[in-house]
1. List pairs: first residue in the stretch 97-113 and free of Cβ contacts under 8 Å to residues at least 12 places away in the same chain, second residue assigned to a strand (DSSP E or B) and not β-branched (Val, Ile, Thr) anywhere in the structure, Cβ distance under 9 angstrom, at least six positions apart or on different chains.
2. Here is a list: ALA212, ALA200. Which entry is assigned to a loop (DSSP other than H, G, I, E, B) and touching a residue at least 24 places away in the same chain (Cβ under 8 Å)?
3. For the stretch 204-219, indicate whether the set of residues that are surrounded by 14 or more Cβ atoms within 10 Å (Cβ to Cβ) and of a type in the set (D, E, K, R) is non-empty.
4. Out of GLU186, GLU116, I need the residue that is over 30 Å from ALA83 (Cα atoms) and of a type in the set (Asp, Glu). Which one?
5. Please find, within the stretch 93-126, the residue that is most open to solvent (accessible area, probe 1.4 Å) out of those that are outside any strand (DSSP E or B) and within 15 Å of VAL45 (Cα to Cα).
6. Here is a check on your reading of the model: is THR179 open to solvent by 40 Å² or more (accessible area, probe 1.4 Å), in contact with a Ser or Thr (Cβ under 6 Å, 6 or more places away or on another chain) and part of a strand (DSSP E or B)?
7. Touching a residue at least 40 places away in the same chain (Cβ under 8 Å), more than 21 Å from THR179 (Cα to Cα) and open to solvent by less than 60 Å² (accessible area, probe 1.4 Å): which single residue out of VAL249, VAL258, VAL240, VAL276 fits that description?
8. Which residues, taken from the stretch 51-92, are part of a loop (DSSP other than H, G, I, E, B) and either surrounded by 13 or more Cβ atoms within 10 Å (Cβ to Cβ) or within 44 Å of the chain's Cα centre (by Cα) (or both)?
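The values are calculated or read from the model by the stated rules, or taken from the named source; none is laboratory data. All values derive from a computational prediction rather than experimental measurement. Every residue, glycine as well, gets a Cβ built from its backbone with ideal geometry; the counts of neighbours run over all protein chains shown. Note: accessible area is taken over every heavy atom of the protein model, side chains too, but ligands, DNA and RNA are not part of it. Shrake-Rupley method; radii C 1.70, N 1.55, O 1.52, S 1.80 Å.
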Amino acid sequence: MKHRAVGAVLFGGGVLLLALAAGLVFVVKPAMTKLPYDLDPSTSVAEAKGATFLQITNGAVAINRADLKSTVLVTPERAKTAALSGDLAGDTVVWRVGQTVDRTDTKELVSAYGAELALDRVSGAAVEWNEQYLDDSGAAEKVPFAGQVYKFPFNSAQGNYEVFDRDLRQTRMAEYKGTEDVNGLEAYRYEQVITDEKLALAPDRVAVLLGALAPGATSGDVVYSNTRTVWVDPVTGSYVNVREQQKKVLVPNVGTPVTLLDADFSYNDETVASSVERAKTSRSQLTILGVYAPIGIAVLGLVLIAVALLVSRRAAPAAVARHAADPTPTRVDQPAVRDDEPEGGPLTDEIPPASTNWKSDEPTVPGQRPAQDESEKR
């Protein structure tokens, strides 16, 4: 009985462990492969050495050359995420993004922009949201964000992705170019090439540039090129390194084209190191909870079930053995046969001869009085 109880406990424990392993695979891991609501703000810094750039100071327009530092701060908007409704609720997060570009020598601000957008929690792609905006000229503008903006999908594929470009306000294809090592982390490299595309700038902004840099011109365009390379951790979809080779040229209808921007921005060493470390930590958590822990727990559950079956099987033969060892019960009114008695037992022994001590005048049946003579009766 004790073995059966132990076997039942072990079997139940094994079944619970198998259920726990399944929960880790089908519930916990999918929940972890989503952008969390409580994501901490993150900062990335890219630097461009010897860049040529447009700088406007107190209304004065000039083309300068110096080292530049671009700082991007991403802050999750928890309150706005919680207020999402309809199809966006539960599957979308809202991020506020700000970027500043400064000269590293004078610390002067060269350019800045701010934006708010909604991202799908799994794919990391921008989704349509009524309150999204982009402000890079002093006035907030509703922009149709789309494609990958600041993140790739969890479990990124070795394929091509549409990546949003802030200057074009549109997406362009980023092609998968291979796998490379970034500080000990295997990363996918994607490359987006934009070549000599005209920017849709406000006419007053173009007029300011023409008046300062192309006297005599009555019209013109700003032509934009960029080779954007991103190294992505394929497990989490996070950027571990980014390089942008940007170029903007003012092309007036009269006169010589003027370079407004020629800069090669890349994450600095500190940003690459911290990005790789975050990716490794997240990857380890996903691997442990999504692979190793379920396998280990499932194996332990199967072992407990196997042990439970063995214990139960041992308990059954033991019970049968105990039952076979018990003596065969006899009726209480049937004496047991002794080994020293003659064959046949007491019921087959010879009946002894009538005793000679018996008297004819003694009763032959208990309680029967002896017969009387006829003379006595009289």
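1. LEU109/ASP102; LEU109/ARG103
2. Result of the check over ALA212, ALA200: ALA200.
3. no
4. None of the other options fit; the residue is GLU186.
5. LYS107
6. no
7. On inspection, the qualifying residue turns out to be VAL258.
8. GLU77, ALA83, LEU84, SER85, ALA89, GLY90, ASP91
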